1. Please list 204-214, 300-310 highest first by mean number of surrounding beta-carbon atoms within 10 Å per residue.
2. Considering only segment 189-283, what is the antiparallel percent among its DSSP beta bridges, to the nearest 5?
3. Would segment 8-94 count as rounded, prolate or oblate if I go by the C-alpha gyration tensor, calling it rounded below 1.5 in a/c and otherwise prolate when a/b exceeds b/c, oblate otherwise?
4. Determine the percent antiparallel among the DSSP beta bridges restricted to segment 8-94, to the nearest 5.
5. To check you understand DSSP bridge types, tell me what percent of the beta bridges within the chain (both residues inside) are antiparallel, rounded to 5.
6. Explain nothing, just the number: relative contact order of the chain, from Cα pairs under 8 Å at least 6 residues apart, as a whole percent.
7. First select every other residue whose beta carbon is under 13 angstrom from the beta carbon of residue 89; then total the charges, Lys and Arg +1, Asp and Glu -1.
8. Just how many pairs of Lys in segment 103-210 have C-alpha atoms closer than 14 Å, counting pairs that are eight or more places apart or on different chains?
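Just so it is clear, none of the values below were taken in a lab; they were calculated from the coordinates. Computed from a prediction, not measured in an experiment: that's the story for all the values here. Here the Cβ is made from the backbone with ideal geometry for all residues, glycine too, and neighbour counts use every protein chain on show.
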Amino acid sequence: MEKFDFEEERLRQEIGKFEARRVLIQLPEGLKLHGPRLARVVEETGAIPIVSADPCYGACDLATAEAESLGVDLIVHYGHAKLSEYECVPTVYVEARATVEVSDAVEMALPLLKEWHKVGLATTVQHIQTLDSIKEILIHAGKTVITGDAGHSSYLGQVIGCDYTNVKSITGDVEAFLFVGGGRFHALGIALSTLKPTIVADPYENRAFSVDDEAKIILKKRWASICEAKEAERLAILIGLKSGQQRLRDALELKGKLDKLGRRATLLAITEITPMALMQFPEIDAFINTACPRVSLDDTKNFPKPVITLNEARVMLDEITWEELCRRGWFES
Ligand code: SF4
């Protein structure tokens, strides 16, 4: 059985509704293998399908430029909820809700949550439909469960890779968080944004675990990177070229501040921030990343030089303290 709902019937209907003749299918890593099958579904409607083979990690990364250059009249974006401000080609979002059973993993998380009574609950868009049943399990185990206000996300309790307003809004009301979903990525985001114990119930691997030790290691590395960037002789400011990641104004403002301080900084425009791409600039001692902040936090060990986020640059410039950064969080500005 498929682990995700690709909503093929809705796909056909949306193509009809938009009278689309050429459709660009965009899938995140991990779901790309379904591209050829979905292309066949599109083909059956009479439209021409093109599958984007480029990396895609969020709805911030809509393939609008590709769609325009390919003369596409509809993008079908899989795996993420809508972030409306980034659209400029008609786009249909198929959230690819998970069909896996979550209750076993949640039951496994209960012993790890035993110290705490008030638990904040969060998940990704793939599991939003399971929140009520997860709450029931937790309440049955004697927990008080709180789910954050939707904030910038589309749904109550939803977190995305760089937006944790949902969980931050309830940090003061809970003792720990339970994240239900695959892997450590979002759970680490919760732990770093709230500094609260965070337990993962992973229904794909059917296991539960804490990310607290890993979050502490990341925090130490972040501080080390900020200190290194502070000492750096030559800086570069990375301007993301992905449609929803471009923060040109922030980058220019930062460049102006560094110029005033007599610090040399080069503006670099970049689509994929990879170690290989940054290694092409050996004279740069540290990079300030104004695009996806998760690249800085999650790939630290892969980069040969510090790659700090915009909020971390504020610490580097003594505009805010480390404590203020920890309170404010790494993601939201
Ligand atoms: S900026 Fe990064 S973390 Fe945020 S939605 Fe885009 S890919 Fe995900």
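1. Working: 204-214: 15.8, 300-310: 19.0.
Packing proxy ranking, top to bottom: 300-310, 204-214.
2. Details: 4 of 11 bridges.
Once the DSSP bridges in segment 189-283 are tallied, antiparallel ones form about 35 percent.
3. Working: a/c = 1.45, a/b = 1.20, b/c = 1.21.
Here segment 8-94 falls in the rounded category.
4. Working: 0 of 12 bridges.
That works out to approximately 0 percent antiparallel.
5. Numbers: 6 of 46 bridges.
In the chain, DSSP labels about 15 percent of beta bridges as antiparallel.
6. Values: 646 pairs, mean separation 43.4, N = 333.
For the chain, the relative contact order is 13 percent.
7. Working: positive: 22; negative: 66, 68, 73, 87.
It works out to a net charge of -3.
8. Pairs that pass both the separation and distance tests number 6.
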